[in-house]
Amino acid sequence: MSGSNKDNRFELEWNLDRDLIDFISNKPLKDKPEERVRQTYLRTLHYEYQYPKNLISTEVPIQHGSKYLKDKSGNPIFADIVIYKSPTDCKNRDQGKISLVVECKRPNEKSGYNQLVSYIFNTSADGGVWFNGKSINHYRRLIKPDNKLIDWTGIPRPNESWDSIGRRKKSELRRPKDIKRILRVCHNKLHGRGVDGEEDDLTMDMVRLLLAKAMDEEKSGTMPSFYCTPEEYSSSSGQKDSADRIHKLFDEVKNSHPDIFDKHEKISVGKRAICDVVTELQSYRLLSNLHSSNDWDLMGGAYEEYTATYLKKKRGQYFTNRLVIELMVNILKPNYTDIILDPAGGSGGFLTGTMRYIRKKILNSSSSQIAKQRQLDKHRTNLYMVEISKRLVKISKTAMILNGDGHTGMTQGDTLGDFGLFNDSIVASAGKGKPNIILTNPPFAGVGDGKISDLDTIRNFSTSKRWTKHQGKYKPTEEFVKDGVPPEMLFFERCLDWLAPGGKLGIVMPKSFLDTATYLPARKLMFQKSKLLAVINCHKDTFQPHTGVRTSLIFLEKNFEKKISKKDYSIFMGISKKIGQDSEGVPIFKRDKSNKKTDIIDHDLDFIFNKYIKFCDNSLLKTDFVFSVKKSQISEEININPQVHLPKLNKTITEIESISAENDWGVTTIGQIHESIEIFKGPRLKSENIIKEEPGKTTEPYFTPSAILQDKKESVKHLDLTHANSQQLKTINEIRVKEGDILVTRSGSIGRVAFISKHFNNAIVSDDMIRLRVKDEFWRFYLYSYLQSRFAFDQMMRNEYGAVQQHLEPNHIRDIIIPVPTKKTKLQKIVTETKESLRLKDEIFQKTHKINTSLNKTIGDLINN
């Protein structure tokens, strides 16, 4: 696993003082938005257009006659980038030997054209470029019959004429170096033309244009049809001619894939917008030799990043983190002979990831060139996908083409429907019992209306039935679950059924799949039909910014026979602690010994994978977050959440349980510490209609967990009880707290503890805090102190659950084990000091409140006077 799929030559560089490093001189520059744009385009000129550095200069003063040009304030004017005809001309800054001038602007700025005109007309430049990091315009200078600038379709490469731009031979097309920039510029050109429609629509048009380009490259012939000459670009009729050629190419795409493309589908943007994209792409070759592994990776990775950026999430769909894909593919180790399926294909990420893995495996082997080619060809015909959205099938087909083909198995269909209704190619080659490898990230139900209750669908799945215990065995009834079934659970069952015996499954599931009652039927089915190989909890930012759902990766191998399920075996477990990006999706890079940022993504999936290899070799040395457990250690509730089995947290329990051997001490649970104890959570209060922004005569404070835990209680809300209905009033009375109550946060940041003093007796407190009510004062203060210890917190962390936010339930608090002495005297000092600390805390609160009241009055009086 590389941790990076980009051409790092296009990444900007900074020094330790956070100054930009100039690409030409290597000198530090002040980091400004406009400077970033310039440094980006300098790299484009060098790597994309092949201009040597010794022809390029920056911050060049421009003369008008014998004097330098100046702005309105009398300051000298400098051209941002100048390209000279020779290294000597560049060294001497010979204004009469300039080829090109580039004007760079900060992102979103539109000005600068007049400056560029002035620079070009006062020098020998043949043309220029205006660039703001998002949009780009090219201009050619004409001297006869008039001295003027006209729009052009690009700039020439070194030793190339301006007239050669437009229709190069296919053999002269080059692979793009910075495909991410090119796709971004194309998208912005579509957007900039004022095209109606959402980002999704523009992105789909971009996909159609890329397919047309790929179709043109696949066809035989010396000259391309995907082009727009400068002459065509400069006239309405010429733009129409160019656009017509592109429409014809896309018609050929549709005819080749009638199952995916409706005959009426078309590129919807206008002719000028089409020509804008064509002029950006026409100099490049998107397709490459199958043996150019790294070339394909850069192209495919850029496309996948582009579609993930601009396509909105629909139907619970989002794009799987590429690092996760690499980990899952590496763990399952597919071979070129395997039939590989993604039954929830989305944008094709798993299949392109598999293709990258197997292609590198083949190309790095010792096989002959003929054998390698045959293996590659066989692998390309063994890739299959089913996806209900035609839109995503188009995207995935394009992804496969840009990753090295293998797109024929991308099909549209309902994965949860009848096996016999799939596309003929699926039925024939990847039908039920045929796939050796299934890799998938199914759509999740989430918290909305995503559950499936359609009887025609759910009647075919055992996990859609309500399960109960009968004669000690957990079995499905004939009754369907009333409120519907999460689609991911049905997908999980379908994958188990679809796999060939001995086949392997790697699937992304919500973290709640591992331990909640909702998914218990699927976990039961999993252990009946397969061997669980590994469970890995993903970092919370893994799928950000697309979704905040917490996820896990599950790997299993389908049984050849039923009796295998009765054997004991080891299960690999891991928890990812870093994923190389933040919650906004911004990459996080490793730093070297000098604290300089490298180009290596900072994540721990490589570490987890290497540990998995050790696990398979029976040489795993466990760490705090990577370990293994025996199947026989799994509880009756089939809790397979690695967090429950963490060695560190379980060590805490073992340590406490060992106390029972000590004299005059024992161990019990919090729920049994005293007969008077009550542990509960209040009902949920629907307060939207009674919430008020400011306190008033008819309002009462409503404390959220953060308000209760804050010294100043500044996060308090206000409820107007005069507007509350009878049900709300009943709920409010049930969630009022009493002096001496102990509260524990149960959502989000779980396990934070508060004590209710007399000043908050009868206060309204959110049900997001679990209540512990103990009449006995001694045990009350001991409990308060113990709940804040690592011994209690580790047990809470062990039992937290949830797919989006983490949660605790009263039974989790009730079951926390706690040391208890046979004689209270052994705890008397702790209890006394706890009581005193709470008294002092209450006293501080009163004094602080008194000071604030006095200060507010003093300042208020000054203002009023």
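The values are calculated or read from the model by the stated rules, or taken from the named source; none is laboratory data. All values derive from a computational prediction rather than experimental measurement. Glycine also receives a Cβ, built like all others from the backbone with ideal geometry; neighbour counts cover every protein chain displayed. Accessible surface areas use protein heavy atoms only, side chains included; no ligands, DNA or RNA. Shrake-Rupley method; radii C 1.70, N 1.55, O 1.52, S 1.80 Å.
Structure summary
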item: Set A724, A754, A707: member being at negative phi, hydrophobic (A, V, I, L, M, F, W, C) and in contact with a Ser or Thr (Cβ under 6 Å, 6 or more places away or on another chain); result: A707
item: Extreme residue, most open to solvent (accessible area, probe 1.4 Å), among residues of segment 436-457 that are part of a loop (DSSP other than H, G, I, E, B) and without any contact (Cβ under 8 Å) to a residue 12 or more places away in the chain; result: D449
item: Condition check for A344: in contact (Cβ under 8 Å) with a residue 40 or more places away in the chain, hydrophobic (A, V, I, L, M, F, W, C), open to solvent by 10 Å² or more (accessible area, probe 1.4 Å) and touching an Asp or Glu at 6+ places or on another chain (Cβ under 8 Å); result: yes
item: Test: residue in segment 41-64 that is within 25 Å of N595 (Cβ to Cβ) and either charged (D, E, K, R) or open to solvent by 20 Å² or more (accessible area, probe 1.4 Å) (or both); result: yes
item: Leading residue by the ranking (modelled with the lowest pLDDT) among those in segment 747-780 that are farther than 25 Å from Y801 by Cα and aromatic (F, W, Y); result: F760
item: Residue in segment 434-443 that is closer than 20 Å to T354 by Cβ and more than 29 Å from the chain's Cα centre (by Cα) present; result: yes
item: Any chance M400 is at pLDDT below 90, open to solvent by less than 10 Å² (accessible area, probe 1.4 Å) and more than 30 Å from K611 (Cα to Cα); result: yes
item: Segment 731-776 - residue that is open to solvent by less than 10 Å² (accessible area, probe 1.4 Å) and of a type in the set (D, E, K, R) and, of those, farthest from Q672 (Cα to Cα); result: D767
item: Within segment 803-822, considering residues that are under 35 Å from the mean Cα position of the chain (by Cα), in a loop (DSSP other than H, G, I, E, B) and of a type outside the set (A, V, I, L, M, F, W, C), the one nearest to Y786 (Cα to Cα); result: E809
item: Residues of segment 136-160 that turn out to be of a type in the set (G, A, S) and either open to solvent by 70 Å² or more (accessible area, probe 1.4 Å) or modelled with pLDDT under 85 (or both), as a count; result: 0
item: Residue within segment 177-192 that is touching a Ser or Thr at 6+ places or on another chain (Cβ under 6 Å), of a type in the set (S, T, N, Q) and open to solvent by 20 Å² or more (accessible area, probe 1.4 Å) present; result: yes
item: Residue check for I143: at negative phi and under 48 Å from the mean Cα position of the chain (by Cα); result: no
item: Residue match in segment 302-315 (condition: modelled with pLDDT of 90 or more, assigned to a helix (DSSP H, G or I) and open to solvent by 20 Å² or more (accessible area, probe 1.4 Å)); result: no
item: Test result for S256, open to solvent by 30 Å² or more (accessible area, probe 1.4 Å), in contact with a helix residue (DSSP H, G or I) (Cβ under 9 Å, 6 or more places away or on another chain), free of Cβ contacts under 8 Å to residues at least 60 places away in the same chain and of a type in the set (S, T, Y); result: yes
item: Members of segment 458-477 that are buried (at least 17 other Cβ atoms within 10 Å of the Cβ) and among the β-branched types (V, I, T); result: I458, T463
item: Filtered residue count, segment 82-111, keeping only those that are touching a Phe, Trp or Tyr at 6+ places or on another chain (Cβ under 8 Å), part of a loop (DSSP other than H, G, I, E, B) and either in contact (Cβ under 8 Å) with a residue 60 or more places away in the chain or surrounded by 17 or more Cβ atoms within 10 Å (Cβ to Cβ) (or both); result: 1
item: Tally of residues being more than 21 Å from E252 (Cβ to Cβ) and either open to solvent by less than 50 Å² (accessible area, probe 1.4 Å) or of a type in the set (S, T, N, Q) (or both) across segment 219-234; result: 4
item: Residue list for segment 21-78, restricted to those being more than 21 Å from W130 (Cβ to Cβ), in a helix (DSSP H, G or I) and over 38 Å from the mean Cα position of the chain (by Cα); result: N54
item: Pairs where the first residue, in segment 129-151, is without any contact (Cβ under 8 Å) to a residue 60 or more places away in the chain and of a type outside the set (A, V, I, L, M) and the second is assigned to a strand (DSSP E or B) and open to solvent by 40 Å² or more (accessible area, probe 1.4 Å), C-beta under 6 Å, 6+ apart; result: W130/N137; K148/L142
item: Residue that is surrounded by the most Cβ atoms within 10 Å (Cβ to Cβ) [pool: residues in segment 519-550 that are within 13 Å of G574 (Cβ to Cβ) and modelled with pLDDT of 90 or more]; result: I536
item: Segment 618-675, subset closer than 26 Å to T518 by Cβ and among the acidic types (D, E), residue surrounded by the fewest Cβ atoms within 10 Å (Cβ to Cβ); result: E636
item: Selection from segment 672-688 of residues that are touching a strand residue (DSSP E or B) at 6+ places or on another chain (Cβ under 6 Å) and part of a helix (DSSP H, G or I); result: none
item: Set G433, G484: member being closer than 20 Å to D342 by Cβ and open to solvent by less than 50 Å² (accessible area, probe 1.4 Å); result: G433
item: Residues of segment 1-32 satisfying the condition of being open to solvent by 70 Å² or more (accessible area, probe 1.4 Å), at pLDDT 85 or above and farther than 18 Å from R591 by Cβ; result: N26, K27, P28, K30, K32
item: Among (1) over 19 Å from L787 (Cα atoms); (2) out of contact with any helix residue (DSSP H, G or I) (no Cβ under 8 Å at 6 or more places or on another chain); (3) open to solvent by 30 Å² or more (accessible area, probe 1.4 Å); (4) charged (D, E, K, R), the one test that D720 misses; result: (3)
item: L620 being modelled with pLDDT of 90 or more, over 30 Å from K775 (Cβ atoms) and in contact with a Phe, Trp or Tyr (Cβ under 8 Å, 6 or more places away or on another chain); result: yes
item: Tally, over segment 568-597, of residues that are open to solvent by 40 Å² or more (accessible area, probe 1.4 Å) and of a type in the set (V, I, T); result: 2
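Conditions (1) in contact (Cβ under 8 Å) with a residue 40 or more places away in the chain; (2) within 30 Å of M509 (Cα to Cα), marked per residue:
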residue	(1), (2)
F778	yes, no
F781	yes, no
G802	yes, yes
V820	yes, no
V831	yes, no
L838	yes, no
F845	yes, no
K857	no, no
